[in-house]
Amino acid sequence: GVGKELLARLVHEQSGRAGEPFVPANMAAIPGDLFESVLFGHVRGAFTGAAGDAAGLAEAVGKGTLFLDEIGDLPPALQGKLLRFLDTGEYLPLGGRTARRSAGRIVAATNRDLGQLVAEGLFRADLYHRLDVFGFRVPPLRERRGDIVPIARWTLEEAAGRCDFGELELGEGARAVIERYD
């Protein structure tokens, strides 16, 4: 809700990778038993129902940007698999025998304090340091009150366009309510 993905897209669009894919992935929404398949893909027969080869996010991103949102929610058992990928750029599709290489850039975000998670033993220190090469904090909207109305207007315009409602405006009553909401 603070605009992490919008900021990641802006970094992507202002970079030399702008013509390449931007691939967002919510780490909290990927079940642990599907993590490797989603991130690295799989080969035919890797598990029941794997009727053919399937590309994972690491392949789909090409030379673009892979945005790993809610990285702080990644279970410790999966953090080592991600760390190896970040260290080498190489991955092995589930059930595969030949390593592949990704040229994509990783941008990660979380709403959790990774330093605190490291101190509590819930997040790997080596993964934290690998991810925190260039870090910055996006303050919550309650600390950026001047952004509330422009974001609400943008969201309204996007929804109106998607639903073919024509032009909609943010009324004064609605504006007053959202400006008071923390």
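Once you place label points 7 Å from the Cα toward the Cβ at Asp73 and Glu143, how far apart are they in nm?
If labels sit at Asp73 and Glu143, their model points lie 2.1 nm apart.
Between Glu179 and Ala125, how high is the FRET efficiency from 1/(1 + (r/R0)^6) when r is the Cβ-Cβ distance and R₀ = 30 Å? Nearest 0.05.
0.15
Per residue of region 88-96, what does 6.51 cos²θ - 1.76 cosθ + 1.60 with θ = phi - 60° give for ³J(HN,Hα)? Whole Hz please, x for Gly and Pro, Karplus curve as stated.
10, x, 9, 8, 10, x, 4, x, x
Using alpha carbon centroids, what distance separates region 64-83 and region 122-144, in Å?
13 Å
Whole Å is fine, so just give me how far the alpha carbon centre of region 8-52 lies from that of region 162-178.
34 Å
Applying 1/(1 + (r/R0)^6) with R0 = 30 Å to the Cβ-Cβ distance of Asn26 and Arg97, what FRET efficiency is obtained, to the nearest 0.05?
The value I calculate is 0.50.
Could you go through region 158-175 in sequence order and give the Karplus-derived ³J(HN,Hα) for each residue, using 6.51 cos²θ - 1.76 cosθ + 1.60 with θ = phi - 60°, rounded to whole Hz, and x for Gly and Pro?
4, 5, 4, x, 5, 9, 6, 8, x, 7, 10, 10, 7, x, 4, x, 5, 4
Please check: in the Gaussian network model of the chain (C-alpha springs, under 10 Å), which one of Glu169, Glu90, Glu120 has the largest mean-square fluctuation.
The residue with the greatest mean-square fluctuation here is Glu169.
Nearest 5 percent is fine: what portion of the DSSP beta bridges confined to the chain is antiparallel?
25 percent
What order, most packed first, do the peptides 151-158, 91-98 have when packing is the mean number of other Cβ atoms within 10 Å of each residue?
So the peptides 151-158, 91-98, ranked by packing, come out 91-98, 151-158.
Which residue, chosen from Val11, Val43, Ala99, occupies the Cα position most advanced towards the positive end of the dipole of the chain, where the dipole is computed from +1 (Lys, Arg) and -1 (Asp, Glu) charges on Cβ about the Cα centre?
In the chain, that residue is Ala99.
From the backbone phi of region 2-7, what are the Karplus-calculated ³J(HN,Hα) couplings (6.51 cos²θ - 1.76 cosθ + 1.60, θ = phi - 60°) in whole Hz, Gly and Pro given as x?
9, x, 4, 5, 4, 5
Read-outs throughout are calculated quantities, based only on the coordinates presented, and are distinct from any laboratory measurement. Worth saying up front: this structure is predicted, and the values here are computed from it rather than measured. For neighbour counting, all protein chains shown are included, and Cβ atoms are generated from backbone atoms with ideal geometry for every residue, glycine included.
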